[in-house]
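Asker: This is the structure I have questions about; it appears just below.
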Amino acid sequence: MTCSNLKHHVKEKMAASRQARRLYTCLSRFSCALFVFASLAVGKESFSRQVSMHYNPGCNITECQSSPSNDNNTHNNLVHVLARGSRDSIHYVWSTIGAPTVLMVHTTSKESELIVDWEKLLTNGDNSGAITFEPSNEVDFSMAVMFNKIWEYEDLHDKSELPEDDTEMFEPYDLSQMRWGDFNLTMNTTGLTGNFTGATTQSDMESLFQNGSISFRIHAFKTDDRSADLPHLQYTSNQTQFDFTIDSVEPRGNMSRYAMELMLLTEDKHLDLKKMKSIDDEYTPGVFELFELTMTHRDQTDSYVQWKPVCYTKSTRSMAVATPTKTYKLKDLDTTSIPADTIARAYFTNLDRLQRKALNVSFGLTGDGSYVASNFTSWTASVGYGEPPSERLSLLIIIVISTGLGIPVVIIMFGGLFICCRQKDGDKGKKEIMDEYPTVNGGETDAIN
């Protein structure tokens, strides 16, 4: 090999090395850009509120003190969760008075206050107007969710279908006839949690609660994130969340299943039940659906109830103890069906002008052994103000998908460009080599005839 050929070969190697480094640099920059883009795509501005929790605020009579207040040995629990923003306030009022209820009131004032007339609230028969918010002209929106009845039915054919006829079920547990424990004993004002735990006072069913209970564990939040426990619902500082649990209540059938009736009151004109589908089950394995009950006015969502169609048959939640739930159609609700003495009646003075709906959610699916297999059922849902948080792919999933699809495309593009450059350099090198050799016969080569 001549000296000039060696120099040319070295030049080719150096050029290839430079192209390889450029390709590596481009791929690295692309990966960094992809990561930044994915971060921006899923990131959102964090919003927080000043959130506090108070038990029986303003209580000035013995009936709302810590000791049981009547012959049923029940406590008159009322919990005020106050979420203050820079320009507004959201009030969540949870109570077991009358029947378990959460009242949500949004005001356009950051200084609005809950006012409770305790004597009027605890007056049997008519407590209308016992709950107000001041200043009243700053009240922007309000709604209430009441938990009315627990249905129990015998599912002998394992269809996991709630009977349409009430006569085909056992007598329901009326949650307005419960003996509720003292919420104050379980309230955590730092973690913003607490438990309402009760047992029935219906005379022919009290023995079924000898070792069991029905409970609502409530949560409030200061920031946006996901719950640590399954089903890992998203939460925001605009909402409250609850875990409803039936624990060790003695079933009345050999294949008993349960369902719960929820009642909804809202000032909005449109109340819609939606089933949202997702391609991702990262946070709740095996569950690709999300239910939303939205209350809208003039195309703007004012509030919602949100849940995933799954419940759990053990207190320690995992995929192994998950079983589906069923959600049934909304039904119209007559004012006479609304439980007496609830905080909903205490706040809404004219029920006739409200949208009133009810729906049932049943727990369990064919083949899971029914409630009797574990004597435990727990279900989670949230109630919030504004648009419900939407399910979205996590940053990790977006990066994995983007990398899996993007990197091969980039490699093909740069690989093709690299090959083209090599071929071009090769052709140029061949020409230089040919130019270095003397021409045949002292001149240009003749064509072969």
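Asker: Being within 17 Å of residue 100 (Cβ to Cβ) and part of a loop (DSSP other than H, G, I, E, B) is the filter here, so list the residues in region 331-373 that pass it.
Answerer: 333, 338, 339, 340, 341, 342, 348, listed by residue number.
Asker: Suppose we keep only residues that are free of Cβ contacts under 8 Å to residues at least 24 places away in the same chain and either on the phi > 0 side of the Ramachandran plot or in a loop (DSSP other than H, G, I, E, B) (or both) within region 173-190. Which one would you say is surrounded by the fewest Cβ atoms within 10 Å (Cβ to Cβ)?
Answerer: 190
Asker: For region 77-117, which positions are within 18 Å of residue 189 (Cβ to Cβ), over 21 Å from the mean Cα position of the chain (by Cα) and hydrophobic (A, V, I, L, M, F, W, C)?
Answerer: Within region 77-117, 78, 79, 114 qualify.
Asker: Looking at 216, 221, can you tell me which residue is open to solvent by less than 40 Å² (accessible area, probe 1.4 Å), within 16 Å of residue 382 (Cα to Cα) and out of contact with any Leu (no Cβ under 9 Å at 6 or more places or on another chain)? Full working, then the answer.
Answerer: Details: 221 fails: out of contact with any Leu (no Cβ under 9 Å at 6 or more places or on another chain).
Result: 216 is the single residue among 216, 221 that is open to solvent by less than 40 Å² (accessible area, probe 1.4 Å), within 16 Å of residue 382 (Cα to Cα) and out of contact with any Leu (no Cβ under 9 Å at 6 or more places or on another chain).
Asker: Which members of region 86-105 meet the condition of being in contact (Cβ under 8 Å) with a residue 60 or more places away in the chain and either assigned to a strand (DSSP E or B) or more than 17 Å from residue 146 (Cα to Cα) (or both)? Quick ask: steps written out before the conclusion?
Answerer: Taking region 86-105 and keeping what is in contact (Cβ under 8 Å) with a residue 60 or more places away in the chain, we get 90, 92-105.
Listed by number, the residues that qualify are 90, 92, 93, 94, 95, 101, 102, 103, 104, 105.
Asker: Kindly provide the set of residues from region 287-300 that are among the aliphatic types (A, V, I, L, M) and assigned to a loop (DSSP other than H, G, I, E, B), ordered by number. Even if it seems obvious, please write down each step before you answer.
Answerer: First, pick out the residues of region 287-300 that are among the aliphatic types (A, V, I, L, M): 287, 290, 293, 295.
Within region 287-300, just 287 meets the criteria.
Asker: Separate question: Tell me yes or no: at least one residue of region 137-144 is closer than 27 Å to residue 336 by Cβ and either loosely packed, with under 15 Cβ neighbours inside 10 Å or over 24 Å from the mean Cα position of the chain (by Cα) (or both).
Answerer: Going through region 137-144, the residues closer than 27 Å to residue 336 by Cβ turn out to be 139, 141-144.
Subsequent filtering for residues that are either loosely packed, with under 15 Cβ neighbours inside 10 Å or over 24 Å from the mean Cα position of the chain (by Cα) (or both) retains 139.
For region 137-144, residues closer than 27 Å to residue 336 by Cβ and either loosely packed, with under 15 Cβ neighbours inside 10 Å or over 24 Å from the mean Cα position of the chain (by Cα) (or both): present.
Asker: Is one or more of the residues making up region 263-286 on the phi < 0 side of the Ramachandran plot, modelled with pLDDT of 95 or more and outside any strand (DSSP E or B)?
Answerer: No, the conditions are met nowhere in region 263-286.
Asker: Please go through region 246-262 and give me each residue that is in a strand (DSSP E or B) and either open to solvent by 20 Å² or more (accessible area, probe 1.4 Å) or charged (D, E, K, R) (or both), ordered by number. Don't jump to the end; show me each part of the working.
Answerer: Just the residues of region 246-262 that are in a strand (DSSP E or B), to begin with: 246-247, 256-262.
Within region 246-262, 247, 257, 261 qualify.
Asker: So which of 170, 209 ends up being surrounded by fewer than 20 Cβ atoms within 10 Å (Cβ to Cβ) and touching a strand residue (DSSP E or B) at 6+ places or on another chain (Cβ under 6 Å)? Outline the logic, then answer.
Answerer: Working: 209 fails: surrounded by fewer than 20 Cβ atoms within 10 Å (Cβ to Cβ).
The conditions single out 170.
Asker: Which members of region 311-324 meet the condition of being touching a Leu at 6+ places or on another chain (Cβ under 8 Å) and either in a helix (DSSP H, G or I) or open to solvent by less than 30 Å² (accessible area, probe 1.4 Å) (or both)? Give the derivation first.
Answerer: At the first step, the residues of region 311-324 found to be touching a Leu at 6+ places or on another chain (Cβ under 8 Å) are 312, 317-319, 322-324.
If the condition is that a residue be touching a Leu at 6+ places or on another chain (Cβ under 8 Å) and either in a helix (DSSP H, G or I) or open to solvent by less than 30 Å² (accessible area, probe 1.4 Å) (or both), then 312, 319, 323 are the ones that fit.
Asker: Let me ask something else about it. Let me spell it out: the conditions are (1) surrounded by 21 or more Cβ atoms within 10 Å (Cβ to Cβ); (2) within 31 Å of the chain's Cα centre (by Cα); (3) not aromatic (Phe, Trp, Tyr), and residue 127 meets all of them except one. Which number is the exception?
Answerer: With (1) surrounded by 21 or more Cβ atoms within 10 Å (Cβ to Cβ); (2) within 31 Å of the chain's Cα centre (by Cα); (3) not aromatic (Phe, Trp, Tyr) applied to residue 127, the lone miss is (2).
Asker: If you go through region 106-146, how many residues are of a type in the set (D, E, K, R) and either touching a helix residue (DSSP H, G or I) at 6+ places or on another chain (Cβ under 6 Å) or in a strand (DSSP E or B) (or both)? Steps first, please.
Answerer: Taking region 106-146 first, the residues of a type in the set (D, E, K, R) are 110-111, 113, 117, 119-120, 126, 134, 138, 140.
If we keep only those that are either touching a helix residue (DSSP H, G or I) at 6+ places or on another chain (Cβ under 6 Å) or in a strand (DSSP E or B) (or both) as well, we get 113, 134, 140.
Of the residues in region 106-146, 3 are of a type in the set (D, E, K, R) and either touching a helix residue (DSSP H, G or I) at 6+ places or on another chain (Cβ under 6 Å) or in a strand (DSSP E or B) (or both).
Asker: Quick check on this structure: which one of 160, 203 is in a loop (DSSP other than H, G, I, E, B), over 21 Å from residue 104 (Cβ atoms), open to solvent by less than 10 Å² (accessible area, probe 1.4 Å) and not β-branched (Val, Ile, Thr)? So that I can check it myself, show each step before the final result.
Answerer: Working: 203 fails: open to solvent by less than 10 Å² (accessible area, probe 1.4 Å).
None of the others qualify; the one that does is 160.
Asker: Further, regarding this structure: Going by the structure shown, is residue 151 surrounded by 19 or more Cβ atoms within 10 Å (Cβ to Cβ) and closer than 30 Å to residue 368 by Cβ?
Answerer: Spelling it out, residue 151 is indeed surrounded by 19 or more Cβ atoms within 10 Å (Cβ to Cβ) and closer than 30 Å to residue 368 by Cβ.
Asker: Just checking, does region 271-285 include any residue being of a type outside the set (D, E, K, R) and more than 19 Å from residue 388 (Cβ to Cβ)?
Answerer: Applying the first criterion (of a type outside the set (D, E, K, R)) to region 271-285 yields 271, 273, 276, 278-279, 283-285.
The next check asks that each one be more than 19 Å from residue 388 (Cβ to Cβ); those that pass are 285.
Yes - at least one qualifying residue is present in region 271-285.
The values are calculated or read from the model by the stated rules, or taken from the named source; none is laboratory data. It should be emphasised that the depicted structure is a prediction, and the values quoted were computed from it without experimental measurement. Quick reminder, even Gly has a Cβ in these numbers, built from the backbone with ideal geometry, and neighbours come from all protein chains shown. Accessible surface is based on the protein model in full, side chains and every heavy atom, while ligands, DNA and RNA are left aside. Shrake-Rupley method; radii C 1.70, N 1.55, O 1.52, S 1.80 Å.
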